[in-house]
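K.L.:
Dumping the structure here so I can ask a few things about it.
What follows draws every value from the coordinates through simple rules; no lab data is involved. These figures come from a predicted structure and were not determined experimentally. So basically every Cβ, Gly included, is an ideal-geometry build from the backbone, and we count neighbours across all protein chains shown.
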Amino acid sequence: MALCEEGYLCDVCGLEVETIDESDLYLRYVLGEVDPETLHVSRERHLRCNPGLAQFIVAEDFAAAEAEGFFSKAGLDPEFVAEEEARVTRGYLRLRELPGLGLPLTEYPLPEVRARWQGPVAPSTAVEPTPIGGRSPLSRPGL
Ligand SMILES: [Zn+2]
C-alpha cells in the first residue's frame, strides 16, 4: 500500500506534516472525532495550524496555541475549557506515546473511544488506513 512518497501536506500552511505528534488529523482520530473509515480521506493539518483545537493542549513541551476571536478559549465557559483541556491534552499525550507503542492503527484512539466504536456492531470490514507518512517518525532525516 505505498502512497505518495512525500507524505501528507498541511491543508493550512502547505508544509509536510512530518510526525504523528504534530498531526491535527491524528489527534482528532485519537479523540474519536475522526472515524477510521474517513481517516485516510481526510485533509491533514498541523496541530499548530489549527489553534481552535491546539489551544486546549496543556503540555510542557507543546508551545501554547492561541485561537483568536469567536473560538478563543478566553471567551469560552471556564468549565467547558477545563473539560476540553483535560480531554484534548490526554489525547495529545497518547498521540506522543504512539510511535513507541507499536500498536495497530485501530488501537490508536483513547480507550473510551474504542469501546464506543466496538459497540454491538464491530466494523470488521473497515479498510485499514495507512499510518501517516507511511514511515516511522523516528527515522526522519536530519534536523
Ligand atoms: Zn501547517
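K.L.:
I want to make sure I understand the PRE zone here: with the label point 7 angstrom from the Cα of Arg116 toward its beta carbon, which residues in segment 38-74 have backbone N atoms less than 19 Å away?
P.N.:
Of the residues in segment 38-74, 38-40, 42, 53-54, 56-57 have backbone N under 19 Å from the label point off Arg116.
K.L.:
Also: What is the spin-label model distance, in nm, from Glu33 to Arg48 if the labels are put 7 Å beyond Cα along the C-beta direction?
P.N.:
1.9 nm
K.L.:
Hey, for a label at Leu101 modelled as a point 7 Å past Cα toward Cβ, could you say which residues of segment 30-74 have their backbone N under 17 Å away?
P.N.:
Output list for this probe position: 30-36.
K.L.:
Taking 0.36 nm per residue of sequence separation and subtracting the Cα-Cα distance, how much length would be gained by fully extending the chain between His40 and Phe71, in nm to one decimal?
P.N.:
On the way: separation 31, 0.36 × 31 = 11.16 nm, distance 2.68 nm.
Difference between extended and current length: 8.5 nm.
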